[in-house]
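The values are calculated or read from the model by the stated rules, or taken from the named source; none is laboratory data. Since we're looking at a predicted model, the values are computed, not measured. Methodologically, a virtual Cβ is constructed for each residue, glycine included, from the backbone with ideal geometry; neighbour enumeration extends over all protein chains shown. Areas reflect the complete protein model, heavy atoms only, side chains present, ligands, DNA and RNA absent. Shrake-Rupley method; radii C 1.70, N 1.55, O 1.52, S 1.80 Å.
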Amino acid sequence: MIKRFIRYYKPQRKMFFLDMLCAFTLSICDLFFPVLTREILNHHIPDKNIRMMMIFAGILLAAYVVKLFLNYFILYYGHLVGVHMQAHMRRDIFSHLQSLPFKFFDNNKTGSLMSRIVADLFDISELAHHGPEDLFISLVLLIGSFIIMSTINIWLTLIIFAFLPFLIYFSAKKRIALSRAFTKTREEVAEVNAILENSLSGIRVSKAFVNHAYEQERFHKGNESFVKSRTKAYKVMAEFHSGNTLILDSLNVVVIVAGGLFAYYGRITVGDFMSFLLYVNIFLNPIRRLISFIEQYQNGMSGFQRVLEILDTPLEEDKPDAVELTEVKGRITFENVSFSYEDDSAKVLNNISLDVQPGRKVALVGPSGGGKTTLCHLIPRFYPLNQGRILLDGRDVNDITLPSLRKHIGIVQQDVFLFTGTVYENILYGNVDATQEEVVEAAKRANIHDFIMTLEDGYDTYIGERGVKLSGGQKQRISIARVFLKNPPILILDEATSSLDNVTELQIQQSLDQLCAGRTSFVVAHRLSTICNADEIIVLSEEGIEERGSHEELMAKNGVYAGLYQTQFARL
């Protein structure tokens, strides 16, 4: 894990090494100050050499000016190293997320993923900047202070450094508990974020059902879990810091007593003793830095581990010999296809065989849970098959590269997702390389152009998050325009009008019929009136394909489809 973390330093190595050089120079400046103090106390004050005292004061002032620029560089450019590393990690995570299978998003909450991308990466960037810097400065100061203190009095130095094993033992013992506490806290933060994201996304539903008390209670439970985990983390952190502080404070007592005895028996001069006390403070500062580093390391690395959980999730992959799909006629063949969402769960589809000729419109009907939507999702390989195969123009879809396969498939769903932005940007999503004229033409074909022109800003109108400023029918037409712009030879309409009123459905159905013309189309529908003109209707249930044929043929059979049709129209 550490090797993978270090890899992100590579693009920033020049700035990183400059930062380390500044940190090293800063450490030397800190070591330089007690040397001057010792020299002044032992020689120039007793000799009453004012001139040398002024020279040394000037040197000290110059050192402080140098420290000013060094601290500026470290604080500014050092943080930029962490920021750029954070940006690179976020880029890698986002790129990886784009290529993960649907199953990953089925099993992971959006708020939890957001927590990893934002909060965890911030702590990681802080570790990336401060971690190596604190560790490097601490080592330089510890080694430097030990060498210089040894030249003053080796025995007093050994007494002080004898406390290090106790400090290391205590810190190492608490490190594991600290790591577990921070990991648990991150999990709870992610859960709170997930609840918050879910509640905010569904705020309109919450208001409609007057369930604000229920939402508050649900959030309260998550928030309480966070408080409990954070309480445990702070308890461990308090034990860690207070224990280390006791050891360091005890060290001060030892220095004063031992140094006083050494001075009393003439084993050390007053000037050396004062210089020694200054070096003890220099010695204590890196120790405190190292203690903070341990906490920061556990915090950052627990976040990085959660990031790696995403980066190590297997991607959707093509076969090494997968080919690019170019010319598409649109023949879709299912050969003994079986599928279940989990390996140990019941099969949603069982031994389905189906052959759809190019340009034909196939409607899928049947009870909920029969696998209609699942069947459509298998064509663009949103999920891998358990058994059988799907052919496109005689070629197994697994032998086709995913981008080229999905490029030739257009999908219009019941739950339309519009991105935050303008009308133009949302239609353009169907083909980001399209011209403005092509976008307008797609809108006209979807019968949404006239409405767009009535808006104050036309195509540049901001539609709000997920298109909240538009009606259901308007959002659906924009999604249809998006597919017109994509112009795919294969089309999937997944209950595209089921959430609309009858008048709006009739208007949009005309656009959908135009969209289906000349394309191989799969239409999932509950309203059977919308698929009477389909070339073939397939009745799908948990048992498989119950019936198939045209509307007239199935009505003449007086079977499952006829029963569904008569029941539905009896309610009208």
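Report, by residue number, each residue of the range 232-246 that is of a type in the set (Val, Ile, Thr) and either buried (at least 16 other Cβ atoms within 10 Å of the Cβ) or under 26 Å from the mean Cα position of the chain (by Cα) (or both). Result: Val236, single match. Just one residue in the set Ala363, Ala346 is open to solvent by 60 Å² or more (accessible area, probe 1.4 Å), closer than 30 Å to Val539 by Cβ and among the aliphatic types (A, V, I, L, M); that residue is Ala346. For Gly82, are the conditions met, namely being touching a Leu at 6+ places or on another chain (Cβ under 6 Å), in contact (Cβ under 8 Å) with a residue 12 or more places away in the chain and not β-branched (Val, Ile, Thr)? Spelling it out, it is not the case that Gly82 is touching a Leu at 6+ places or on another chain (Cβ under 6 Å), in contact (Cβ under 8 Å) with a residue 12 or more places away in the chain and not β-branched (Val, Ile, Thr).
Take the conditions (1) within 30 Å of Met149 (Cβ to Cβ); (2) among the polar types (S, T, N, Q); (3) modelled with pLDDT under 75; (4) open to solvent by less than 70 Å² (accessible area, probe 1.4 Å); Ser250 misses just one of them, which is (3).
Contact annotation: residue pairs with Cβ atoms under 6 Å, 6 or more positions apart or on different chains, pairing a residue in the range 509-521 that is over 14 Å from Ile478 (Cα atoms) and among the charged types (D, E, K, R) with a partner that is open to solvent by 10 Å² or more (accessible area, probe 1.4 Å) and at pLDDT 85 or above, are Arg519/Pro489. Comparison of Ser242, Ser250 shows that the only residue that is out of contact with any strand residue (DSSP E or B) (no Cβ under 8 Å at 6 or more places or on another chain), part of a helix (DSSP H, G or I), under 26 Å from Thr185 (Cβ atoms) and among the hydroxyl-bearing types (Ser, Thr, Tyr) is Ser242. Restricting attention to the range 294-317, the residues being open to solvent by 10 Å² or more (accessible area, probe 1.4 Å), farther than 30 Å from Asp249 by Cα and part of a helix (DSSP H, G or I) number 5. Residues that are open to solvent by 40 Å² or more (accessible area, probe 1.4 Å) and more than 24 Å from Cys29 (Cβ to Cβ) were ranked within the range 264-293; the one that is modelled with the lowest pLDDT is Val270. Output the residue which, of all residues in the range 136-157 that are within 18 Å of Tyr297 (Cα to Cα) and of a type in the set (A, V, I, L, M), is most open to solvent (accessible area, probe 1.4 Å). Ranking the candidates gives Leu139 first.
Given the condition among the basic types (Lys, Arg) and either surrounded by 17 or more Cβ atoms within 10 Å (Cβ to Cβ) or within 14 Å of the chain's Cα centre (by Cα) (or both), answer yes or no: does some residue in the range 164-173 qualify? No: zero hits. Yes or no: the range 502-511 includes at least one residue that is more than 30 Å from Glu441 (Cα to Cα) and either modelled with pLDDT of 85 or more or open to solvent by 70 Å² or more (accessible area, probe 1.4 Å) (or both). Within the range 502-511, none of the residues are more than 30 Å from Glu441 (Cα to Cα) and either modelled with pLDDT of 85 or more or open to solvent by 70 Å² or more (accessible area, probe 1.4 Å) (or both). When you look at Thr326, is it closer than 22 Å to Asn108 by Cα and outside any strand (DSSP E or B), yes or no? Judged against the criteria, Thr326 is not a match. Against the criterion of being assigned to a helix (DSSP H, G or I), open to solvent by less than 40 Å² (accessible area, probe 1.4 Å) and touching a helix residue (DSSP H, G or I) at 6+ places or on another chain (Cβ under 9 Å), Glu133 qualifies.
Among the residues of the range 526-572, those that are outside any strand (DSSP E or B), open to solvent by less than 10 Å² (accessible area, probe 1.4 Å) and farther than 19 Å from Gly359 by Cβ comprise Leu528, Leu554, Tyr561, Ala562. Condition test on Lys475, is it within 29 Å of the chain's Cα centre (by Cα), farther than 30 Å from Lys319 by Cβ and in a loop (DSSP other than H, G, I, E, B)? It is false that Lys475 is within 29 Å of the chain's Cα centre (by Cα), farther than 30 Å from Lys319 by Cβ and in a loop (DSSP other than H, G, I, E, B).
Counting just the residues of the range 136-188 that are modelled with pLDDT of 75 or more and part of a loop (DSSP other than H, G, I, E, B), which one comes out nearest to Arg288 (Cα to Cα)? The selected residue is Ala162.
Summed over the range 60-109, residues that are over 12 Å from the mean Cα position of the chain (by Cα), of a type in the set (S, T, N, Q) and open to solvent by 70 Å² or more (accessible area, probe 1.4 Å) total 1.
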